[in-house]
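The values are calculated or read from the model by the stated rules, or taken from the named source; none is laboratory data. Since we're looking at a predicted model, the values are computed, not measured. Here the Cβ positions follow ideal geometry from the backbone for every residue, glycine too, while neighbour counts run over all protein chains shown. Side chains are part of the model used for accessible areas, which takes the heavy atoms of the whole protein and leaves out ligands, DNA and RNA. Shrake-Rupley method; radii C 1.70, N 1.55, O 1.52, S 1.80 Å.
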Amino acid sequence: MNIATPVTSAATEDTWTVAGKTFRSRLIVGTGKYKDFAQNAAALEASGAEIVTVAVRRVNVSDPKAPMLTDFIDPKKVTYLPNTAGCFTAEDAIRTLRLAREAGGWDLVKLEVLGEARTLYPDMVETLRATEILAKEGFKPMVYCVDDPIAAKRLEDVGAVAIMPLGAPIGSGLGIQNQVTIRLIVEGAKVPVLVDAGVGTASDSAVAMELGCDGVLMNTAIAEAKDPVMMARAMKLAVESGRLAYLAGRMGKRRYADPSSPLAGLI
Amino acid sequence: MNTMHTDGTVSIHVNGEHRRVFAGLTLAQLAEELGLAAEKVAVERNLEVVPRSTLGQVPVEDGDEIEIVHFVGGG
């Protein structure tokens with residue numbers, strides 16, 4: 001008699017797809033702020049992430065033999081997602097991504113157009129404008145944005161392939177400040193939604209996934225942990241846990257207690 | 001306007017730094033001269049991206065503003 005049927009991995013394979021590319025890991029990690037490239041590569045390994053964000057910067061002409069990111073994280077094995085960090089206008093961001101496309105040879109990019117240095121809050125007028133232009137040029141922009149369900153729809157309308165609302169300001173580690181708006185964005189989007197920015201610790205990732213997000217993107221939470229490699233693993237597990245909890249469907253909330261043991265047969 | 005210098009060199013900027021290079025030098029040769037692997041960088045000349053496949057054909061001209069970028073760690 002077959003009592004327990006082992007669940008095959010094929011049956012439980014839970015993937016997500018962005019711009020035609022399918023991934024198993026729902027965690028995207030950054031490559032900034034690490035002690036060195038070796039630590040960065042070890043954290044990436046522990047995180048299980050298949051996508052890393054990278055920045056586009058001038059080469060150091062005076063020291064061309066300096067170690068490079070690509071020597072430690074192989075772009076053939078991990079998807080490089082070039083970002084536009086530090087860009088404050090649509091033009092700067094577009095210029096950066098045109099160069100990124102030439103450097104990497106692919107169209108999947110992370111767009112962020114910032115409004116001010118203090119909060120690194122997105123400038124949504126510029127972000128929308130850049131998204132539209134990039135989409136027309138054949139880019140597949142995953143877009144960092146405010147946690148505004150209407151702005152998210154507008155981004156989708158002009159060609160964003162993923163909506164990436166902030167949970168809290170970049171690098172703040174404050175966690176998801178407005179779960180309602182994240183949920184509303186998830187419910188309204190036809191493209192993947194990933195919380196990008198604001199995650200501080202594992203439970204923040206789990207919250208994002210329990211809200212139904214397709215993934216989470218983070219850098220500082222791992223890089224500035226006392227043990228970045230251990231935190232990378234914690235984030236991997238938290239994203240998986242949160243995803244499973246979302247799929248499992250949580251219990252309803254009650255205002256008062258409900259006993260778990262039967263009342264009948266009480267001595 | 002021909003602003004070539006009498007010594008056969010031209011004056012350009014690479015990543016914001018002034019450089020004097022031989023006239024007729026291609027962007028591929030410039031990258032090589034700087035010790036850079038062309039397949040790991042992207043080149044912009046006067047705000048236009050230069051496709052990697054054409055770096056060997058495009059010569060630098062006097063006054064060019066060249067940007068050479070690559071991927072670095074970022075979030």
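Taking only the C-alpha atoms, wrap a convex hull around the protein assembly as shown and report its volume per residue in Å³ as a whole number. Show your work: numbers first, answer last.
On the way: hull volume 63.4 nm³, N = 342.
It comes to 185 Å³ per residue, whole-number rounded.
Between the helical axis of A:124-136 and the dominant principal axis of chain A, each derived from Cα atoms, what acute angle in degrees is found, rounded to the nearest 10?
Result, in degrees: 80.
Determine the sum of side-chain charges near A:E126: Lys and Arg each +1, Asp and Glu each -1, restricted to other residues whose C-beta is under 14 angstrom from that of A:E126. All intermediate terms of the calculation are to be shown ahead of the outcome.
Numbers: positive: A:R95, A:R129, A:R154; negative: A:E91, A:D92, A:E112, A:E116, A:D123, A:E132.
With Lys, Arg at +1 and Asp, Glu at -1, the net is -3.
Under the 0.36 nm per residue contour assumption, what length would be gained going from the current alpha-carbon distance of A:L237 and A:R118 to full extension?
Numbers: separation 119, 0.36 × 119 = 42.84 nm, distance 3.20 nm.
Between A:L237 and A:R118, full extension yields an extra 39.6 nm.
So which residue, out of A:A55, A:A168, A:A103, gets the largest mean-square fluctuation from a GNM of chain A using Cα contacts under 10 Å as springs?
A:A103
If you look at just the Cα atoms of segment A:124-175, how large are its Rg and its Dmax in Å?
Expressed in Å, the Cα Rg and Dmax of segment A:124-175 come to 11.4, 36.
Set Lys and Arg Cβ to +1 and Asp and Glu Cβ to -1, take the dipole of chain A about its Cα centre, and tell me which of A:A42, A:V161, A:L263 lies farthest positive.
The one lying farthest along the dipole's positive direction is A:L263.
Can you list the equivalent-ellipsoid semi-axes of segment A:190-265, largest first and in whole Å, using the square root of 5 times each Cα gyration tensor eigenvalue? Display every interim value, and only then the final one.
Working: eigenvalues 193, 54, 20 Å².
Equivalent ellipsoid of segment A:190-265: 31, 16, 10 Å, largest first.
What accessible area, in Å² to the nearest ten, does a 1.4 Å probe give for A:S62?
100 Å²
Between A:R250 and A:R57, take the C-beta separation as r, use R0 = 41 Å, and let me know the FRET efficiency to the nearest 0.05. Could you put the intermediate results ahead of the total?
Details: r = 43 Å, r/R0 = 1.05.
After rounding to 0.05, the efficiency reads 0.40.
Just to confirm my numbers, what's the Cα centroid distance between segment A:47-70 and segment A:228-262 in Å?
First find each Cα centre; the distance between them is then 36 Å.
Counting trypsin sites (Lys or Arg not before Pro) as exposed when in a DSSP loop with at most 12 other beta carbons within 10 Å, what is the longest stretch of chain A free of them? It would help to have the intermediate numbers written out before the result.
Details: sites that count: A:R24, A:K35, A:K65, A:K76, A:K77, A:R118, A:K190, A:K226, A:R250, A:K253, A:R254, A:R255.
Segment A:119-189 is the longest.
Of B:G63, B:V14, B:P51, which is farthest towards the positive pole of chain B's charge dipole, taken about the Cα centre with +1 and -1 on the beta-carbons of Lys, Arg and Asp, Glu respectively?
B:P51
Nearest 20 debye, what's the magnitude of the dipole of chain B about its Cα centre given +1 on Lys and Arg Cβ and -1 on Asp and Glu Cβ?
160 debye
Could you sort A:V229, A:V109 by accessible area so the largest value comes first, with the probe set to 1.4 Å? List each step's numbers first, then the result.
On the way: A:V229 50, A:V109 0 Å².
Highest to lowest solvent-accessible surface, that is A:V229, A:V109.
Quick one: compute the contact order of chain A, relative version, from alpha carbon pairs under 8 angstrom and 6+ residues apart, as a percent.
Working: 488 pairs, mean separation 47.4, N = 267.
Dividing the mean separation by the residue count of chain A yields 18 percent.
Would you work out the charge dipole size for the protein assembly as shown about its Cα centre, treating the Cβ of every Lys and Arg as +1 and the Cβ of every Asp and Glu as -1, and quote it to the nearest 20 debye? Kindly include the intermediate steps, with their values, before the conclusion.
Details: 35 positive and 43 negative charges, 253 e Å.
That gives a dipole near 1220 debye.
With Rg and the Kirkwood Rh both taken from Cα atoms, where does Rg over Rh land for chain B? Spell out each step's value before the answer.
Values: Rg = 12.6 Å, Rh = 12.8 Å.
Rg/Rh for chain B comes to 0.99.
Which of A:K76/A:K110; A:K76/A:K190; A:K65/A:K110; A:K136/A:K236; A:K21/A:K65; A:K226/A:K253 have a Cα-Cα distance over 25 Å? The partial results should precede the final answer.
Values: A:K76/A:K110 18 Å; A:K76/A:K190 29 Å; A:K65/A:K110 28 Å; A:K136/A:K236 35 Å; A:K21/A:K65 33 Å; A:K226/A:K253 36 Å.
Distance filter (> 25 Å) returns A:K76/A:K190; A:K65/A:K110; A:K136/A:K236; A:K21/A:K65; A:K226/A:K253.
Given a Förster radius of 22 Å and the C-beta distance between A:T201 and A:V180 as r, what FRET efficiency does 1/(1 + (r/R0)^6) yield to the nearest 0.05?
Working: r = 21 Å, r/R0 = 0.96.
In this case the efficiency is close to 0.55.
Need one value for A:24-31: mean number of C-beta atoms belonging to other chains within 10 Å of its residues' C-beta atoms.
1
For segment A:140-218, with equal point scatterers placed on the C-alpha atoms only and solvent neglected, what are the log10 I(q)/I(0) values from the Debye formula at q = 0.11, 0.12, 0.23, 0.27 1/Å, to two decimals?
For segment A:140-218, the Cα-only Debye profile gives -0.22, -0.26, -0.95, -1.28.
List the GluC sites (Glu not before Pro) in chain B that DSSP assigns to loop (not H, G, I, E or B) and whose Cβ has at most 16 other Cβ atoms within 10 Å. Which are they? Could the numbers behind the result be given before it?
Values: sites: B:E17, B:E32, B:E33, B:E39, B:E44, B:E48, B:E61, B:E65, B:E67; in loops: B:E61.
The qualifying sites are B:E61.
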